[in-house]
Amino acid sequence: MIDKIKEFIGEAQSFSADNKEALESFRIKFISKKGILNDLFNEFKTVPNDQKKEFGQAINLLKTTIEDKVKSIQDFLESKEDSQGIYGDLTRPGSPISLGSRHPISLVKNQVIDIFSNIGFNVSEGPEIEDDWHNFTALNFPEYHPARDMQDTFFVQTNPEMQLRTHTSSVQVRYMDEFKPPLRTISPGRVFRNEAISSRSHCIFHQVEGLYIDKNVSFADLKQTLLYFTKEMFGKSKIRLRPSYFPFTEPSAEVDIYWGLKTETDYRITKGTGWLEIMGCGMVDPNVLKNCNIDPNEYNGFAFGMGIERMAMLLYQISDIRMFYENDVRFLEQFKSSF
């Protein structure tokens, strides 16, 4: 009988199964109520006393071997099922991965960054919640300038001294505080103004502002830089600068490009003039340089700023600015790109 038990142990040790049905048949054969192991325990009563110790040890070894074998195969089959649930049928052909969509705001912003990077401008960033010094005072805003009015600026309720930045010029102030001339940087980012939302304006929008500080910088340098940008961005080689006013630049100007009058859309967006305003610019006011601890007698420079949404609307012929913020998949899927 001991030899028979040893045969069962060898059978159990060599047993293998690749499905639950085969494993269950093995389990029933040995450890069910009518299984081999139960019969051997019943025979234990008839075994002579001098053989009971050896017989009992053999039965216990058989029982342990079977239980270990069943558990190990169960664990293997369950792990196999888990991996199939994660990866599916690995023999099936792979599914094509569709190209994702970039937001048009990101596409235009990256294009602007790439254009100015080619002429030595780096990228600087700053916080969207700003204090009064960086957002207004250092930029030469008088104490009672309309831009400080509650109708234009979102203030933080828990701290009236803090506000959501109204332009990325605040980043330029921080950049001038941290680095010394010569400086050449652009500051893309999201800004906030308390304005009524319509097809042409929004309380949230994006800007790219540029700054160049060095010795002997002229207005001609500014014009040539902007002409280079308009050629690269829009393919337009004709611009004009109209006198304007900004607290942080003097003199200041609005920049128009000649869009043309080739289509009905051209007539509509340029109001029949062919000219289209795209940004503001000017020479950095000496007071701004002083506020940033830069000697205006030694250094000067220019600054410019443009709205990314406005450029995106021009490039992609989008008529409503609100479409940028509605997350409509039908709209976003039109901008397939890896740029």
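Read-outs: derived from the displayed coordinates by stated rules, not from any lab. This structure is a prediction, so every number in the text was calculated from the model and none was measured. Virtual Cβ from ideal backbone geometry, glycine too; neighbours counted across all protein chains shown.
Approximating the spin labels as points 7 Å out from Cα along Cα→Cβ, the Gln157-to-Ile129 distance works out to 1.3 nm.
Of the GluC sites (Glu not before Pro) found in segment 172-225, those that fall in a DSSP loop while having at most 16 other beta-carbon atoms within 10 Å are Glu195. For Thr249, the residues whose amide H sits under 5 Å from its own are Asp285, ignoring neighbours fewer than 5 places away on the same chain, with H placed 1.01 Å from N. Farthest towards the positive end of the charge dipole of the chain, among the residues Ser79, Met279, Leu314, is the Cα of Ser79, using unit charges on the Cβ of Lys, Arg, Asp and Glu. Loop-located trypsin sites (Lys or Arg not before Pro) in segment 236-339 (DSSP state not H, G, I, E or B) with no more than 11 neighbouring Cβ atoms inside 10 Å: Lys262, Lys271.
Could you calculate the FRET efficiency of Asp214 with Arg268 from 1/(1 + (r/R0)^6), where r is the beta carbon distance between them and R0 is 56 Å, rounded to 0.05? Working from the Cβ atoms, E equals 0.85. Counting only alpha carbon atoms, the long axis of helix 219-234 and the longest principal axis of the chain meet at about 50°. Counting every other Cβ atom within 10 Å of each residue's Cβ, Trp133, Trp275 order from fewest to most as Trp133, Trp275.
A P(r) calculated from all alpha carbon pairs of segment 2-87, with 5 Å bins opening at zero, reads 3, 14, 22, 20, 15, 10, 7, 4, 3, 2, 1, 0 percent. Potential lengthening of the chain between Leu261 and Phe41 amounts to 69.1 nm, from the contour at 0.36 nm per residue minus the alpha-carbon distance. Its DSSP H runs of at least 4 residues, each contributing -39,500 (n - 2.57), put the calculated 222 nm mean residue ellipticity of the chain at -13000 deg cm²/dmol, to the nearest 500. Here the mean projected area of the convex hull built on the C-alpha positions of the chain is 32.2 nm². Restricting segment 1-71 to trypsin sites (Lys or Arg not before Pro) that sit in a DSSP loop and have at most 15 other Cβ atoms within 10 Å of their own Cβ leaves Lys33, Lys34. Which one, Asn291, Asn194, Asn49, has the greatest fluctuation when you compute a Gaussian network model over the chain with C-alpha springs under 10 angstrom? Looking only at Asn291, Asn194, Asn49, the biggest GNM fluctuation is shown by Asn49.
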